[in-house]
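These notes concern the structure reproduced below.
Laboratory data are not the source of any read-out in this text; all were calculated from the coordinates shown. Keep in mind that what you see is a predicted model, and the values were worked out from it rather than measured. Backbone-built Cβ (ideal geometry, glycine too); neighbour counts: all protein chains shown.
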Amino acid sequence: MISFQGNSFREYARKKNMHELKIAEDLSAIVFETAVNNHLSKVTKVNIIFGQMIQIVPDIFEFAFREIARNSIAENAELNIEIVPVEMRCKNCGSIFFVTENRFKCSTCSSTDLDIIHGKELFIKSIEGE
Amino acid sequence: MEIKIMKNILDRNQNKADEIRNLLTLKKVMMVNIISSPGAGKTTLLERTCEALGAKFRIGVIEGDITTDRDAQRLKKYNIPIVVINTEGGCHLDSHSISKVLDNFDLDNIDILFVENVGNLICPTQFDLGESFKLAIVSTAEGDDKPGKYPMLFREAAAVLLNKIDLIPYTNFKIRNFNSDLRKINSHIPLFEISCTRGDGLAEWYKWIVEQVNSVTHFKHGVPRS
């Protein structure tokens, strides 16, 4: 188990090329701002949605969030990460299908002219608190 | 109580990127966000491109570098405006860092602004810089499995450059595997098989990039470029 003190995790994360840290920082800013605007004294849960195409390692992301939230009103907040699969709509025949094994091709008519519906999300859905 | 938010976590980055895109559209500047692993040949590609197109187009470069300015030093000889952004360990450039340095360029006198992102195939893909398009560079020495492992980049990029094809005989790189993986992910994406050191395939790349810049900057000074 690696343990970090104070800002050392941030330094470590930067050295190890972690974009998870940057995204966790932006997430925390939204959480804190929303909590203050709504007069919450404690954040108990943060609900987020990640698309499957987004290459984020949930464990590292959560670790980063924990470090940033330490000694804050979100210190004990549960991070609820919902992962949504990659879903496309065929521009040719209108079929809607899930992409598996990186196969970006309509499962009905084989067209490759597609619009993405889901899979690139990097959303904060809501926060819960009191 | 639950407070609904439903917004993009990277909203701050996205808003700034949209602002940059509007500015560059107004100024008719084409910004190319170059993404690759370290050592794939981003700087060498820029060297060749400056040599080939520097007389015809006004090129500017933003160099994203973790700690040094070595890439920028290599491009100095072309006498073009270059700004280095040291990310101090950061794995990607974001729109705010681009926005801060844009003032250093005379955008009325730039046709193509190349952004050499930090060498990394994952993080830079996540952060919109306000570019006209992303360009992916892969070198054969990295192996033929890159599209399959990093699908998002190959889905988002406008073109792929496969560099160092002269090294194929010394590697286990199979161009067929690379191609079939890439086509599964993005069937129409232009692929240029090049060697920046030997010159293979570069003419096609120059032709393509000229087509792109002409579509953006065609009437920049009221005179169509030939």
Item to check | Selection of GluC sites (Glu not before Pro), segment B:1-110, meeting DSSP coil and at most 14 other Cβ within 10 Å | outcome: B:E88
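Test of the criteria: in segment A:65-98, which GluC sites (Glu not before Pro) are in a DSSP loop and have at most 15 other Cβ atoms within 10 angstrom of their Cβ? Mind showing how you got there, number by number?
Details: sites: A:E67, A:E75, A:E78, A:E82, A:E87; in loops: A:E75.
Within segment A:65-98, the qualifying GluC sites (Glu not before Pro) (loop, at most 15 other Cβ atoms within 10 Å) are A:E75.
Mean residue ellipticity at 222 nm from the helices of chain B, using -39,500 (n - 2.57) per DSSP H segment of n ≥ 4 over the full residue count, to the nearest 500 deg cm²/dmol? Provide the component values of the computation, followed by the final result.
Values: 9 runs with 84 residues, N = 226.
Calculated at 222 nm, the ellipticity per residue is -10500 deg cm²/dmol.
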Checklist entry - Along each of its three principal axes, how wide is the spread of alpha-carbon positions in the protein assembly as shown, in whole angstrom units, largest first? => result 64, 50, 46
Checklist entry - If you take the square roots of the eigenvalues of the alpha-carbon gyration tensor of segment B:1-159 and sort them as a ≥ b ≥ c, do you get rounded (a/c under 1.5), prolate (a/b over b/c) or oblate? => result oblate
Checklist entry - For the protein assembly as shown, with the dipole built from +1 on Lys and Arg beta-carbon atoms and -1 on Asp and Glu ones, taken about the Cα centre, which of A:I124, B:P81, B:N163 lies farthest toward the positive end? => result B:N163
Item to check | Summed residue charge, Cβ within 9 Å of A:E75's Cβ, Lys/Arg positive, Asp/Glu negative | outcome: +3
Checklist outcome for this item: Simple SL model, points at 7 angstrom along Cα→Cβ for B:F133 and A:N76; separation in nm is 5.3 nm
Checklist entry - Say the dipole of segment A:23-81 comes from +1 at the beta carbon of Lys and Arg and -1 at that of Asp and Glu; which of A:V46, A:I60, A:A29 then lies farthest toward its positive end? => result A:V46
Checklist entry - What is the set of long-range amide H partners of A:I117 at a cut-off below 5 Å, with H atoms built 1.01 Å from backbone N? => result A:E87, A:M88, A:R89
Checklist entry - Say the dipole of chain B comes from +1 at the beta carbon of Lys and Arg and -1 at that of Asp and Glu; which of B:I112, B:L24, B:A203 then lies farthest toward its positive end? => result B:A203
Next on the checklist: Suppose every Lys and Arg Cβ carries +1 and every Asp and Glu Cβ carries -1, with no other charges. What dipole size does segment B:11-216 come out with about its Cα centre, to the nearest 20 debye?
Outcome noted: 420 debye
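Residue by residue through B:103-109, how many Cβ atoms from other chains fall within 10 Å of the Cβ on average?
0
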Checklist entry - Given H placed on each backbone N at 1.01 Å, which residues far from B:K7 in sequence or on other chains put an amide H within less than 5 Å of it? => result A:I124
Next on the checklist: If I take every Cα pair under 8 Å that is 6 or more residues apart in segment B:11-216, average their sequence separation and divide by the length, what percent do I get for the relative contact order?
Outcome noted: 26 percent
Item to check | Unmatched cysteines, chain B - criterion: no other Cβ of a Cys under 4.7 angstrom | outcome: B:C50, B:C196
Next on the checklist: Inside 10 Å of the C-beta atoms of A:18-30, what's the mean count of C-beta atoms belonging to other chains?
Outcome noted: 5
Checklist entry - For chain A, what's the relative contact order in percent, using C-alpha pairs closer than 8 Å and at least 6 residues apart? => result 31 percent
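Semi-axes of the equivalent ellipsoid of segment B:126-226: what are they in whole Å, largest first, if each equals the square root of 5 times a C-alpha gyration tensor eigenvalue? Working shown, then result.
Values: eigenvalues 152, 62, 21 Å².
Working from the Cα gyration tensor, I get semi-axes of 28, 18, 10 Å.
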Checklist entry - Which residues' amide hydrogens lie under 5 Å from the amide hydrogen of B:D94, considering only partners 5 or more residues apart or on another chain, with H built in the peptide plane? => result none
Checklist entry - Beyond 23 Å, what share of the Cα-Cα pairs of chain A remains, rounded to the nearest whole percent? => result 46 percent
Next on the checklist: Beyond a 20 Å Cα-Cα separation, which of these cross-linked pairs lie in this structure: A:K22/B:K7; A:K91/B:K146; B:K27/B:K100; A:K91/B:K16?
Outcome noted: A:K91/B:K146; A:K91/B:K16
